[in-house]
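Visitor: Sharing a structure here in structure tokens format.
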Amino acid sequence: MTKSLLFLTFSPRSDSTSSALARAFVDQWAAANPDAPVVEHDLGQTPIAGPDQPWIEANMTPKDQRSTAHHAALAASDKAIAELHAATHVVLATPMFNFSAPWQLKGYIDNLVRVNETFGFDPKTGPTPLLDPKKKMKVIWSSAFDYTAGTDMNALDQLTPYISTIFGFMGLRDISFVASGNAWAPAEVAQQFRCKAQTELGNAAAAW
Ligand SMILES: Cc1cc2nc3c(=O)[nH]c(=O)nc-3n(C[C@H](O)[C@H](O)[C@H](O)COP(=O)(O)O)c2cc1C
């Protein structure tokens, strides 16, 4: 299989933990897969605008009837969808904001979920996913607190279930998560959590 990687970061912070961990992972992965093309975007610094009136109107217009203005309104979304389809591997790096996705990630997702692009819809049978189920996704996320299974905070995590649900709806079946939690704990503890994530990513990079 010819591998290709789509690498997206969503933190608006210049000193982002999730972006730095993901960068190291992608560098290791790229070294192990020297022929694989890598497409990357920092959507934390340069977000895709979320759907607005022109976008929605264009998306509701049948493809063969769209005007130049319609195509322009959907251009960023079309590009994001094409890149997602084209990649065999996807790395998403994101912080948790208010127990869920930062708006930059939510806006990106809102640009992806489109009928006949990432899911099909038949009024009689309902929706069907259109993304290749063999596509792999790794989500590297950072948070102030620790949401590990078994902790009191675990039930508050709306980020990882949301990502699993929405990308699952579009067809992905191979989504793995690596958390770097406890960023607001005393420095020594925060560092332990970050090192654990780094080790986990380092161990996974070559074989992914
Ligand atoms: C607006 C905002 C909301 C946040 N909400 C949460 C939250 O609900 N839970 C949490 O654990 N951390 C929260 N945090 C902390 C970040 O998730 C944490 O600092 C993380 O390490 C940032 O990732 P980054 O370094 O990749 O930007 C929030 C931070 C900001 C700026």
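Visitor: Select from segment 136-169 the residues that are closer than 23 Å to Ser11 by Cβ, more than 15 Å from the ligand (Cβ to nearest atom) and without any contact (Cβ under 8 Å) to a residue 60 or more places away in the chain and list them in ascending order.
Guide: Once the filter is applied, which keeps residues that are closer than 23 Å to Ser11 by Cβ, more than 15 Å from the ligand (Cβ to nearest atom) and without any contact (Cβ under 8 Å) to a residue 60 or more places away in the chain, segment 136-169 yields Met137, Ser164, Thr165, Ile166, Phe167.
Visitor: Take the conditions without any contact (Cβ under 8 Å) to a residue 60 or more places away in the chain, buried (at least 16 other Cβ atoms within 10 Å of the Cβ) and under 23 Å from Ile56 (Cα atoms) and apply them to Leu112. Does it pass?
Guide: So Leu112 fits the description; yes.
Visitor: Residues in segment 123-147 that are assigned to a strand (DSSP E or B), of a type outside the set (Gly, Ala, Ser) and under 21 Å from Ser19 (Cβ atoms): how many?
Guide: Within segment 123-147, residues that are assigned to a strand (DSSP E or B), of a type outside the set (Gly, Ala, Ser) and under 21 Å from Ser19 (Cβ atoms) number 6.
Visitor: In segment 85-133, which residues are under 11 Å from the mean Cα position of the chain (by Cα), small (Gly, Ala, Ser) and more than 16 Å from the ligand (Cβ to nearest atom)?
Guide: Within segment 85-133, no residue meets the criteria.
Visitor: Same structure again: Among the residues of segment 52-65, how many are surrounded by 18 or more Cβ atoms within 10 Å (Cβ to Cβ) and either more than 16 Å from Lys79 (Cβ to Cβ) or touching a residue at least 60 places away in the same chain (Cβ under 8 Å) (or both)? Full working, then the answer.
Guide: Initially, segment 52-65 is screened for residues surrounded by 18 or more Cβ atoms within 10 Å (Cβ to Cβ), giving 55, 58-59.
This time we only want the ones that are either more than 16 Å from Lys79 (Cβ to Cβ) or touching a residue at least 60 places away in the same chain (Cβ under 8 Å) (or both), so: none.
Residues that pass the stated criteria total 0.
Visitor: Give all pairs with beta carbons closer than 7 Å in which a residue from segment 188-208 that is closer than 29 Å to Ser4 by Cα meets a residue that is aromatic (Phe, Trp, Tyr) and surrounded by 18 or more Cβ atoms within 10 Å (Cβ to Cβ); count only pairs at least 6 apart in sequence or on separate chains.
Guide: From segment 188-208, the pairs are Leu201/Phe25; Ala205/Phe25; Ala205/Trp29; Trp208/Trp29.
This table checks each residue for (1) among the aliphatic types (A, V, I, L, M); (2) closer than 27 Å to Trp141 by Cα; (3) in contact with a Phe, Trp or Tyr (Cβ under 9 Å, 6 or more places away or on another chain).
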site	(1), (2), (3)
Phe25	no, yes, yes
Trp29	no, yes, yes
Ala32	yes, yes, yes
Glu40	no, yes, yes
Pro47	no, yes, yes
Ile56	yes, no, no
Arg66	no, no, no
His71	no, no, no
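Visitor: Next up: Suppose we filter Ser77, Ser18 for residues that are closer than 20 Å to Leu201 by Cα and surrounded by 19 or more Cβ atoms within 10 Å (Cβ to Cβ); which single one remains? Before you say what the answer is, go through the steps one by one.
Guide: Values: Ser77 fails: closer than 20 Å to Leu201 by Cα.
After ruling out the rest, the residue left standing is Ser18.
Visitor: Also, I was wondering about something else. Working only within segment 148-191, note down all residues that are within 22 Å of Ser19 (Cα to Cα), in a loop (DSSP other than H, G, I, E, B) and within 19 Å of the chain's Cα centre (by Cα). Steps first, answer last, please.
Guide: At the first step, the residues of segment 148-191 found to be within 22 Å of Ser19 (Cα to Cα) are 148, 157-164, 166-167, 174-191.
Next cut, in a loop (DSSP other than H, G, I, E, B) only: 148, 157-158, 181-186.
Asp157, Gln158, Gly181 - these are the residues of segment 148-191 that are within 22 Å of Ser19 (Cα to Cα), in a loop (DSSP other than H, G, I, E, B) and within 19 Å of the chain's Cα centre (by Cα).
The numbers here are math on the coordinates, done by the rules we state, and not lab data. Since the model is a prediction, treat every value here as computed from it, not as a measurement. Because the Cβ atoms are built from the backbone with ideal geometry, glycine has one as well, and the counts that use them run over all protein chains shown.
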